[in-house]
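Novice: Sharing a structure below in C-alpha cells format, with a few things to ask.
The values are calculated or read from the model by the stated rules, or taken from the named source; none is laboratory data. In this text, all values refer to a predicted model and were calculated from it rather than measured experimentally. Neighbour counts run over all protein chains shown; Cβ positions are idealised from the backbone, glycine included. Quick note on the areas: whole protein, heavy atoms, side chains included, nothing else; ligands and nucleic acids left out. Shrake-Rupley method; radii C 1.70, N 1.55, O 1.52, S 1.80 Å.
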Amino acid sequence: MPQIFVDGRAIAAKDGQTVLAAALESGVDLPYFCYHPALSIAGSCRVCVVQVEGRSWVEIACNMPATEGLRVLTDSELVREHRKSMLELTLLNHPVDCGICDKAGECTLQDYHYRFHGEPSVSHEPKVRATKHHPLSSRIVLDNERCILCSRCVRFTHEVSKSHALGIVQRGDHSLVRAVEDGAFERDAYSDNVVDLCPVGALLSRSFLHKARVWYLEPTASVCPGCARGCEVDVWHRKKAWTLHALDPARNTSIERVTPRGASGADGPWICNKGRDLARIFERPRATQAMVAGAPVALDAAIDAARELLASALRPAALVSSWGSNEELAAFERAFGGRLDCRVKDDWQPQPGEVVEDDFLIRADKNPNNAAAKARFASWDGTFRAGTDLVVVWGEGFDLGGVPASARVICLDGYASEMHRAADVFIPITLQTERRGHYTNFEGKVGAFEPCFNRPAFAADAETLFAALAARMGVPA
Ligand code: SF4
Ligand code: SF4
C-alpha cells in the first residue's frame, strides 16, 4: 500500500490505484468530469489536474499512478489557474441553459463553475451551435450543445452494457455523440444509465423530460421488484414540503423517476431500463374496493368475512405471493403455516418484448422474493389437493377460474382486476411504495425498501392483516 501526500496530508493508497481515486476515497475534493470509477480512463476533461511538488507544470490525477512517497498539490496557484482555464474552455460553446435543463441542481459543470471559476466568459465569439433534442432512442434525447465530450456515455456502451451503441463523430468543436445506425442503442437494456453518467444535461430521459425540478423531489430507498436480482434503487417523488394543492395533486403520489442507489452491492451503480420504469408497475390501476361475493363492503367487513371462511374451512390451501416481503411472508407463515397447504406461485412472468435474461443483471425470474418465499413454503405445482374447500390467493399471477369448483376463494391484491368479483372475499392491500420491508434476492442478498407514500384508507397492510387474522383464529401473533 503506497503512501502518498496530498497537500501535505498522508494518504494510504491501494496498490495500482491512481492519485485521483486514492484522493477521492480519502475525502479530498478534486473536480472531474470524464473520470468514473467503473469506466476506463479517458483523461479528456483535464480538470482533475494536480501539481507534483517541485515541478513547474500540472498533470491529470486520474491517470497518475499513486507511487510511494509521491507528493502532490491540489490547490497551488498553477493548479487553480489551469483548472479555471479548462472550465473556461469547457463552457466556451456550452449554452448555459440551466433554467430549462433537467440536470440543473445535479450538474457538476454548474457546481464547478461556481466553485472554481465563477466569472463570465471572456470570449466575444458566438457559441458554436449544435443539434438540440437529437433522438438517440425512443427513451433518450441528446442536446449536443450541452455535451462536453467527456465520453462517459460512449465508454459505458462499450465497457458495461457492451452494446457498442454510441460513438463520437466529427472532430474538434464539430464533434457529436451519435448512436450507431443499426438500432443497438434502442435495444440496449441498460441504456438509461447514460443519463445518470452524463455530468451535464446533455442526455435526457424522455420519461423525465421537463417533468420536475430535482430540488422539489426526494429519494426513498427501495428495491426493484422487476426480477430476482433485486437491485437497490432510489424512488424519487415530490417532497412533502412542496406538496401541490392546485395544478395536479396526483403528482404528490407519483413516481417521478428511479435511479440506482449507491455504488455498492452486486448490482453496482447500474440498473436496467425496466428498473427505471417502475412507475409502469406501481402506477397501474389500483384495487380500491373490498368486496364480499362481488358486492362492495367496508374493509373491516371483508376482513371479518375472510376470518369466517378460514375458521370453517376443512382443507384450506394458499397461493403465496412471490412479491411479499420477508416480514409479510413470516407473518403469513405464523398465521396460516400450520393450517393451510401453502404453496408459492410466480406472481409475474416475462412480458412480451422484455429481455428475459442476460449475463449481466437481468434474471429470468421476474419476482423479487421467490428465494425467501420458497425458503418457507414449497412451490406450487399447478394442482390443489383433492377436497380443497378454500383457497387464499395472495398477489397476482393466478386466474381465479383455476380454483376447484367446490372451493371458496379469499383474494388479496393491490391492483385492479375484473376477476376479483369472482372471489368470495376480496381485500385490497398496500403496494411496496406504501410500506416498509425487505426482499431476499436469488443470491441471498437482503435489500430494504421504505414507504414513499402514506397507506390509503381503502387498502389493508398485508403484514398487519395476517397478524390480525392470526389473532382472531387464536394463533399467537
Ligand atoms: S453526452 Fe454527456 S456523457 Fe456523453 S460525452 Fe457528452 S457530456 Fe459526456
Ligand atoms: S436487473 Fe432486475 S432488479 Fe435490477 S433493475 Fe433490472 S429488473 Fe430491476
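Novice: Would you check which residues across region 15-72 are outside any loop (DSSP other than H, G, I, E, B) and either modelled with pLDDT under 95 or open to solvent by 30 Å² or more (accessible area, probe 1.4 Å) (or both) and list them? Reasoning before the result, please.
Specialist: Going residue by residue through region 15-72, those that are outside any loop (DSSP other than H, G, I, E, B) are 18-25, 49-52, 59-63, 65, 71-72.
Once the filter is applied, which keeps residues that are outside any loop (DSSP other than H, G, I, E, B) and either modelled with pLDDT under 95 or open to solvent by 30 Å² or more (accessible area, probe 1.4 Å) (or both), region 15-72 yields Leu24, Glu25, Glu59, Asn63, Pro65, Arg71.
Novice: Moving on to the next point. Identify all residues within region 387-404 that are touching a residue at least 40 places away in the same chain (Cβ under 8 Å) and not acidic (Asp, Glu); write none if there are none. Explain how you work it out, then say what you get.
Specialist: Step one: of region 387-404, the residues touching a residue at least 40 places away in the same chain (Cβ under 8 Å) are 387-398.
Answer for region 387-404, where residues must be touching a residue at least 40 places away in the same chain (Cβ under 8 Å) and not acidic (Asp, Glu): Gly387, Thr388, Leu390, Val391, Val392, Val393, Trp394, Gly395, Gly397, Phe398.
Novice: Would region 382-390 turn up any residue that is under 21 Å from Ser222 (Cα atoms) and either within 16 Å of ligand 1 (Cβ to nearest atom) or of a type in the set (Phe, Trp, Tyr) (or both)?
Specialist: Within region 382-390, the subset under 21 Å from Ser222 (Cα atoms) is none.
The answer is no, given that none of the residues of region 382-390 is under 21 Å from Ser222 (Cα atoms) and either within 16 Å of ligand 1 (Cβ to nearest atom) or of a type in the set (Phe, Trp, Tyr) (or both).
Novice: Restricted to region 328-357, and to residues that are open to solvent by 50 Å² or more (accessible area, probe 1.4 Å) and charged (D, E, K, R), which residue is farthest from ligand 2 (Cβ to nearest atom)?
Specialist: This residue is Arg339.
Novice: With the checklist (1) within 16 Å of ligand 1 (Cβ to nearest atom); (2) surrounded by fewer than 17 Cβ atoms within 10 Å (Cβ to Cβ) in hand, flag the one item Arg187 doesn't pass.
Specialist: Here Arg187 meets the rest and fails (1).
Novice: Take Ala287 and tell me if it is among the hydrophobic types (A, V, I, L, M, F, W, C), within 20 Å of Arg455 (Cβ to Cβ), open to solvent by 40 Å² or more (accessible area, probe 1.4 Å) and away from ligand 2 (no atom under 16 Å from the Cβ).
Specialist: The answer is no for Ala287.
Novice: Consider Trp323 carefully, then state whether it is touching a residue at least 60 places away in the same chain (Cβ under 8 Å), touching a strand residue (DSSP E or B) at 6+ places or on another chain (Cβ under 9 Å) and within 25 Å of Ser205 (Cβ to Cβ).
Specialist: Numbers: touching a residue at least 60 places away in the same chain (Cβ under 8 Å): yes; touching a strand residue (DSSP E or B) at 6+ places or on another chain (Cβ under 9 Å): yes; within 25 Å of Ser205 (Cβ to Cβ): no.
Against the criterion (touching a residue at least 60 places away in the same chain (Cβ under 8 Å), touching a strand residue (DSSP E or B) at 6+ places or on another chain (Cβ under 9 Å) and within 25 Å of Ser205 (Cβ to Cβ)), Trp323 does not qualify.
Condition check ((1) over 20 Å from His36 (Cα atoms); (2) assigned to a helix (DSSP H, G or I); (3) of a type in the set (Ser, Thr, Tyr); (4) within 16 Å of ligand 2 (Cβ to nearest atom)) across all residues:
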position: Leu109; (1), (2), (3), (4): no, yes, no, no
position: Glu119; (1), (2), (3), (4): yes, no, no, no
position: Lys127; (1), (2), (3), (4): yes, no, no, no
position: Val141; (1), (2), (3), (4): yes, no, no, no
position: Glu145; (1), (2), (3), (4): yes, no, no, no
position: Ile148; (1), (2), (3), (4): no, no, no, no
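Novice: Still on this structure, I have one more. Please go through (1) over 20 Å from Gln432 (Cα atoms); (2) within 26 Å of the chain's Cα centre (by Cα); (3) of a type in the set (S, T, N, Q) for Thr383 and return the number of the only condition it doesn't satisfy.
Specialist: Here Thr383 meets the rest and fails (2).
Novice: Only one of His133, His158, His174 is under 23 Å from the mean Cα position of the chain (by Cα) and open to solvent by 20 Å² or more (accessible area, probe 1.4 Å). Can you tell me which? Working first, answer last.
Specialist: Numbers: His133 fails: under 23 Å from the mean Cα position of the chain (by Cα); His174 fails: under 23 Å from the mean Cα position of the chain (by Cα).
Of His133, His158, His174, the one residue that is under 23 Å from the mean Cα position of the chain (by Cα) and open to solvent by 20 Å² or more (accessible area, probe 1.4 Å) is His158.
Novice: Further question on the same structure: How many of the residues in region 204-235 are open to solvent by 40 Å² or more (accessible area, probe 1.4 Å) and under 25 Å from Gly262 (Cβ atoms)?
Specialist: The initial filter retains those residues of region 204-235 that are open to solvent by 40 Å² or more (accessible area, probe 1.4 Å), namely 206-207, 209-211, 213, 215-216, 218-219.
Right, trim to under 25 Å from Gly262 (Cβ atoms) and you get 207, 211, 213, 215-216, 218-219.
The qualifying residues number 7.
Novice: Still on this model: Tell me which residues, restricted to region 5-14, are in contact (Cβ under 8 Å) with a residue 60 or more places away in the chain and not in a loop (DSSP other than H, G, I, E, B).
Specialist: Result: Phe5, Val6.
Novice: Here is a further query. Of these, Val154, Val180, Val169, which one is touching a strand residue (DSSP E or B) at 6+ places or on another chain (Cβ under 8 Å), among the β-branched types (Val, Ile, Thr) and more than 13 Å from ligand 1 (Cβ to nearest atom)? First the steps, then the outcome.
Specialist: On the way: Val154 fails: more than 13 Å from ligand 1 (Cβ to nearest atom); Val169 fails: more than 13 Å from ligand 1 (Cβ to nearest atom).
Sole residue among the options that is touching a strand residue (DSSP E or B) at 6+ places or on another chain (Cβ under 8 Å), among the β-branched types (Val, Ile, Thr) and more than 13 Å from ligand 1 (Cβ to nearest atom): Val180.
Novice: Of all residues in region 73-101 being at pLDDT below 95 and acidic (Asp, Glu), which is nearest to Phe5 (Cα to Cα)?
Specialist: Ranking the candidates gives Glu88 first.
Novice: Is it fair to say Glu186 is without any contact (Cβ under 8 Å) to a residue 60 or more places away in the chain, assigned to a loop (DSSP other than H, G, I, E, B), of a type outside the set (A, V, I, L, M, F, W, C) and away from ligand 2 (no atom under 16 Å from the Cβ)? Please lay out each step first, then the result.
Specialist: Numbers: without any contact (Cβ under 8 Å) to a residue 60 or more places away in the chain: yes; assigned to a loop (DSSP other than H, G, I, E, B): no; of a type outside the set (A, V, I, L, M, F, W, C): yes; away from ligand 2 (no atom under 16 Å from the Cβ): yes.
Answer is no for this residue.
Novice: Looking at Ala462, Ala422, which is the one that is of a type in the set (A, V, I, L, M) and either within 16 Å of ligand 2 (Cβ to nearest atom) or surrounded by fewer than 23 Cβ atoms within 10 Å (Cβ to Cβ) (or both)?
Specialist: Details: Ala462 fails: either within 16 Å of ligand 2 (Cβ to nearest atom) or surrounded by fewer than 23 Cβ atoms within 10 Å (Cβ to Cβ) (or both).
Result of the check over Ala462, Ala422: Ala422.
Novice: Residue by residue through region 366-395, note down the ones that are more than 19 Å from Gly338 (Cβ to Cβ) and surrounded by fewer than 19 Cβ atoms within 10 Å (Cβ to Cβ).
Specialist: Once the filter is applied, which keeps residues that are more than 19 Å from Gly338 (Cβ to Cβ) and surrounded by fewer than 19 Cβ atoms within 10 Å (Cβ to Cβ), region 366-395 yields Ser379, Asp381, Gly382, Thr383, Ala386.
Yes/no matrix, rows are residues, columns are (1) of a type in the set (D, E, K, R); (2) open to solvent by 40 Å² or more (accessible area, probe 1.4 Å); (3) within 16 Å of ligand 2 (Cβ to nearest atom); (4) modelled with pLDDT of 95 or more:
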position	(1), (2), (3), (4)
Ala266	no, yes, yes, no
Leu278	no, no, yes, yes
Met291	no, no, no, yes
Ala298	no, yes, no, yes
Ala302	no, no, no, yes
Ser312	no, yes, no, no
Ala317	no, no, no, yes
Val320	no, no, no, yes
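Novice: Shifting gears a bit: If you go through region 90-107, how many residues are surrounded by 14 or more Cβ atoms within 10 Å (Cβ to Cβ) and not in a loop (DSSP other than H, G, I, E, B)? Step through it out loud before you land on a result.
Specialist: If we filter region 90-107 for residues that are surrounded by 14 or more Cβ atoms within 10 Å (Cβ to Cβ), which is where we start, we get 90-96, 98, 101-107.
Subset that is not in a loop (DSSP other than H, G, I, E, B): 90-91, 98.
Within region 90-107, residues that are surrounded by 14 or more Cβ atoms within 10 Å (Cβ to Cβ) and not in a loop (DSSP other than H, G, I, E, B) number 3.
Novice: Oh, and also: If the requirement is being in contact with an Asp or Glu (Cβ under 6 Å, 6 or more places away or on another chain) and under 26 Å from Ala460 (Cα atoms), which of these qualifies: Ala305, Ala317, Ala311? Quick ask: steps written out before the conclusion?
Specialist: Working: Ala305 fails: in contact with an Asp or Glu (Cβ under 6 Å, 6 or more places away or on another chain); Ala311 fails: in contact with an Asp or Glu (Cβ under 6 Å, 6 or more places away or on another chain).
Ala317 is the lone residue from the list that is in contact with an Asp or Glu (Cβ under 6 Å, 6 or more places away or on another chain) and under 26 Å from Ala460 (Cα atoms).
Novice: A further question follows. Look through Asp347, Asp359 and report the one residue that is in a loop (DSSP other than H, G, I, E, B) and within 19 Å of His438 (Cα to Cα). Talk me through it step by step, then tell me what you get.
Specialist: Values: Asp359 fails: within 19 Å of His438 (Cα to Cα).
Answer to the selection: Asp347.
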